Amino acid sequence: DSGVVPAVVKMLCAGNIKHRLPVIRIIGNLCSGNEKQCQAAIDAGCLIPMKSLLDPMNGREVRKEALWALSNIAAGNQNQIQAVIDADLLPLIVSTLGAYECEVQKEAVW
């Protein structure tokens with residue numbers, strides 16, 4: 001209720017991609033908490049910028065961290081899993097299985 005989560009999610013869309021990496025980690029940590037914390041990130045719109053973060057042009061580390069955050073969301077309740085599906089992220093996640101980087105593939109499988 002403090003407004004921190006929407007502010008953090010807003011940072012996913014701002015600035016240099018390298019500056020977004022710590023923000024992706026914050027989202028991933030938040031979504032590894034309880035269902036309420038994860039839902040707060042979803043409600044703040046964290047799934048929307050994930051599509052662009054999974055673009056191969058962003059580099060291995062950004063994609064790996066974005067996939068880790070998504071795996072934390074997908075480990076949530078049925079509604080949270082459905083939110084990932086509804087955001088049309090599943091095809092992008094599956095496409096990363098063809099990535100050359102083993103670390104990226106590993107996160108996609110989770």
- [ ] Tell me, yes or no, whether the range 31-43 has at least one residue that is surrounded by 14 or more Cβ atoms within 10 Å (Cβ to Cβ) and within 18 Å of V104 (Cα to Cα).
- [x] no
TODO: Being buried (at least 19 other Cβ atoms within 10 Å of the Cβ) and either out of contact with any helix residue (DSSP H, G or I) (no Cβ under 7 Å at 6 or more places or on another chain) or not in a helix (DSSP H, G or I) (or both) is the filter here, so list the residues in the range 71-93 that pass it.
DONE: G76, L89
- [ ] Search the range 15-36 for residues that are acidic (D, E) and pair each with any residue that is not in a helix (DSSP H, G or I) when their beta-carbon atoms are under 8 Å apart and the residues are at least 6 apart or on different chains.
- [x] E35/G76; E35/N77
TODO: Specify which of the listed residues (S71, S95) is among the hydroxyl-bearing types (S, T, Y) and within 24 Å of K10 (Cα to Cα).
DONE: S71
Task: Scan of the range 32-47 for residues that are more than 9 Å from the chain's Cα centre (by Cα) and assigned to a helix (DSSP H, G or I), ordered by number - done: E35, K36, Q37, C38, Q39, A40, A41, I42, D43
Open item on the list: Take the conditions of a type outside the set (A, V, I, L, M), closer than 19 Å to V4 by Cβ, in a helix (DSSP H, G or I) and open to solvent by less than 70 Å² (accessible area, probe 1.4 Å) and apply them to G28. Does it pass?
Closed with: yes
Task: Only listed residue being modelled with pLDDT of 95 or more and not small (G, A, S), chosen from V94, V84, V104, V62 - done: V84
Open item on the list: Suppose the filter is free of Cβ contacts under 8 Å to residues at least 40 places away in the same chain, open to solvent by 80 Å² or more (accessible area, probe 1.4 Å), assigned to a helix (DSSP H, G or I) and within 20 Å of P6 (Cα to Cα); does K51 pass it?
Closed with: no
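The values are calculated or read from the model by the stated rules, or taken from the named source; none is laboratory data. Bear in mind the structure is a predicted one, so any value in this text is a computation, not a measurement. Cβ sites come from the backbone with ideal geometry, for glycine too, and all protein chains shown count toward neighbours. For the accessible areas, the whole protein counts, side chains as well, though only heavy atoms, and no ligand, DNA or RNA atoms are used. Shrake-Rupley method; radii C 1.70, N 1.55, O 1.52, S 1.80 Å.
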